[in-house]
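Worksheet for the structure shown next.
Every number in this text was worked out from the coordinates using simple rules, so none of it is lab data. Being a predicted model, the structure only gives us computed values, none of them experimental. Ideal geometry is used to build each Cβ from the backbone, glycine not excepted, and the neighbour counts take in all protein chains shown.
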Amino acid sequence: MAAKNSIWMIFISSILANSLMATLSYVLGFYSTQFIPLSYVRWISTCLFILFGLQMLYESVFNRIDGNFKELQEVEEDLDQSLLSDPSYSFSSQDSNNNNQIKSFNIE
């Protein structure tokens with residue numbers, strides 16, 4: 001998104017989105033206590049806090065970030081292909097043994 005739009009558009013959009021989220025959370029929080037007893041709200045928020053904490057611990061222990069890792073591999077492959085097709089970069093002779101990692105580059 002930042003590559004396609006101006007910096008001011010991104011800045012203003014993020015400020016508006018943050019303001020909208022703050023307003024919505026205030027309104028929902030205020031009116032939820034009008035209809036749901038406060039003791040239930042406290043128990044529900046406690047349970048959600050514990051659930052999200054346990055989920056984060058589970059993901060950190062069992063490394064359940066395969067989707068991000070696959071995306072990182074795709075980006076690295078795209079970069080390798082674009083760098084290999086660009087004549088302004090020069091690679092050392094050890095690149096073929098090390099998975100095309102860039103050792104040095106020259107920009108003309």
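Quick notes
- Footprinting exposure proxy ranking of L83, L16, fewest other C-beta atoms within 10 angstrom first, gives L16, L83.
- ³J(HN,Hα) computed for each position of the stretch 40-54 - Karplus, 6.51 cos²θ - 1.76 cosθ + 1.60, integer Hz, glycine/proline x: 5, 4, 5, 5, 5, 5, 5, 5, 5, 4, 5, 4, 5, x, 5
- Under the Karplus curve 6.51 cos²θ - 1.76 cosθ + 1.60, θ = phi - 60°, whole-Hz ³J(HN,Hα) for the stretch 17-26, x wherever Gly or Pro sits: 5, 5, 5, 4, 5, 5, 5, 4, 5, 5
- If R0 is 25 Å, the Cβ-Cβ spacing of A17 and K70 corresponds to a FRET efficiency of close to 0.35.
- FRET efficiency estimate (nearest 0.05) - Cβ-Cβ, K4 to S82, R0 30 angstrom: 0.95
- Neighbour-count ranking [beta-carbon atoms within 10 angstrom, fewest first] of K4, K70: K4, K70
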